[in-house]
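Presented below is the structure to which this report refers.
The values are calculated or read from the model by the stated rules, or taken from the named source; none is laboratory data. Keep in mind the model is a prediction, meaning the values are calculated, not measured. Note that each Cβ is placed from the backbone with ideal geometry, even for glycine, and that neighbours are counted across all protein chains shown. Areas reflect the complete protein model, heavy atoms only, side chains present, ligands, DNA and RNA absent. Shrake-Rupley method; radii C 1.70, N 1.55, O 1.52, S 1.80 Å.
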Amino acid sequence: MAEKKSKNSEQGFEQKMTEIEKIVANLEQKDLELEQSLELFEKGTALIRDCQKTLLIAEQKISTLTAESQ
């Protein structure tokens, strides 16, 4: 599991978003077995959390930069 997290953290934001889109497309096919669906869902939620964290950091940086310029 730690291996999956390190792989996720090495990917860029755009790569993660592309992977999330692929996961959603796979889940929408509806012909997956339950275990496959759960694995994809778990991977997708981990990627979403990573993206949210990246966006939060970017938002904080923007807030800091705009506050400094005022």
GNM flexibility winner over the chain from Glu19, Glu42, Glu33 (Cα, springs under 10 Å): Glu33
Accessible area per residue in Å² at 1.4 Å probe, computed on the chain: 85 Å²
Extension gain from Ala67 to Glu35, taking 0.36 nm per residue of separation minus the Cα-Cα distance: 6.7 nm
Over the chain: helical MRE at 222 nm, DSSP H runs n ≥ 4 each giving -39500 (n - 2.57), nearest 500: -29500 deg cm²/dmol
For peptides 60-66, 20-26, sequence by mean Cβ density within 10 Å, most packed first: 20-26, 60-66
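What percent does the relative contact order of the chain come to when contacts are Cα pairs within less than 8 Å and at least six residues apart?
Working: 22 pairs, mean separation 27.5, N = 70.
Worked out over the chain, it gives 39 percent.
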Two-site label geometry, Glu59 and Glu28: point separation in nm, points 7 Å out along Cα→Cβ: 2.6 nm
